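Heads up, the thing below is written out as structure tokens.
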Amino acid sequence: DIIVNKKYREAAKNNKEMMEFTKTYDERLRALFEALEQRKKTIQKVSERIIEIQKEYFKDPEKGMKPLTMREIAEETGVSESTVSRIVSRKYIQLPDRVVPLKHFFSAKLHTTSGDVSNNTVKSRIKEIVAAEDIKKPLTDQEIMKKLTDEGIEISRRTVTKYREQLEILTANIRKPVSYTHLRAHET
């Protein structure tokens, strides 16, 4: 909130110089209020559009998010991409079970045989594949890529590696349990 000291207003009535200052001050104050109101409307417009596009995710997070870029939101809302970036930076949305950064709802597109999916959906799928793997024979990035390709997700091994690293999942040879039986044989 902005508070104007009424004592200055009263003092300005009797002083021409002070009246000029007050007039300039009022104009700046009006411009500030208009800018704040415009900012509020832009934030609301961008947020509402993000929510509209991702509404299926809000209903059922298991379905994953739709692919969405800041450029798409900029085009749909009539603001620049840099404005969208500033709007979603350090802004959050309250969900029933958690608070999520607005940036969370943006993701790149990956092509599938049934349409585009977000990279967040693919990352979730990689987590699921690794969680279900045989721990004695962990899957390599190439094998994960093959599984995803079989599911209709067009992805390169390099992209699988990048997503696995972002998810902080270790490589297959490190995920493989170490056998200590051969070490014990040398101890005797």
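The values are calculated or read from the model by the stated rules, or taken from the named source; none is laboratory data. Computed from a prediction, not measured in an experiment: that's the story for all the values here. Cβ: placed from backbone, ideal geometry, glycine included. Neighbour counts: every protein chain shown. In case anyone asks, the SASA skips ligands and DNA or RNA and just uses the protein heavy atoms, side chains included. Shrake-Rupley method; radii C 1.70, N 1.55, O 1.52, S 1.80 Å.
Which pairs do you get when a residue that is farther than 20 Å from residue 153 by Cβ and open to solvent by 90 Å² or more (accessible area, probe 1.4 Å), found in the range 124-138, comes within reach of a residue that is of a type in the set (A, V, I, L, M, F, W, C) and outside any helix (DSSP H, G or I), reach meaning Cβ atoms under 9 angstrom, with the pair 6+ apart or on two chains?
Here the result reads none, with nothing in the range 124-138 linked to a residue that is of a type in the set (A, V, I, L, M, F, W, C) and outside any helix (DSSP H, G or I).
Within the range 54-66, does at least one residue satisfy the condition of being over 19 Å from residue 123 (Cβ atoms), polar (S, T, N, Q) and either in contact with a Lys or Arg (Cβ under 9 Å, 6 or more places away or on another chain) or in a helix (DSSP H, G or I) (or both)?
No, the conditions are met nowhere in the range 54-66.
Within the bounds of the range 138-157, is there any residue that is in contact with a Lys or Arg (Cβ under 6 Å, 6 or more places away or on another chain), modelled with pLDDT of 85 or more and part of a loop (DSSP other than H, G, I, E, B)? I'd like the intermediate steps shown before the answer.
Residues of the range 138-157 in contact with a Lys or Arg (Cβ under 6 Å, 6 or more places away or on another chain): 138, 141-142, 145.
With the extra rule that they be modelled with pLDDT of 85 or more, the set shrinks to 138, 141-142, 145.
Filter once more, keeping what is part of a loop (DSSP other than H, G, I, E, B): 138.
Yes, some residue in the range 138-157 is in contact with a Lys or Arg (Cβ under 6 Å, 6 or more places away or on another chain), modelled with pLDDT of 85 or more and part of a loop (DSSP other than H, G, I, E, B).
Go through the range 91-133 and report how many residues are assigned to a loop (DSSP other than H, G, I, E, B), under 11 Å from the mean Cα position of the chain (by Cα) and basic (Lys, Arg).
So the count comes out to 1.
Within the range 79-123, track down each residue that is of a type in the set (A, V, I, L, M) and open to solvent by less than 60 Å² (accessible area, probe 1.4 Å).
Matches in the range 79-123: 79, 84, 87, 88, 93, 95, 100, 102, 108, 110, 117, 122.
Among the residues of the range 154-172, is there at least one that is under 30 Å from residue 73 (Cβ atoms) and touching a strand residue (DSSP E or B) at 6+ places or on another chain (Cβ under 7 Å)?
The answer is yes, given that some residue of the range 154-172 is under 30 Å from residue 73 (Cβ atoms) and touching a strand residue (DSSP E or B) at 6+ places or on another chain (Cβ under 7 Å).
When you go through 25, 92 one by one, which is the residue that is farther than 30 Å from residue 116 by Cα and of a type in the set (Ser, Thr, Tyr)?
Answer to the check: 25.
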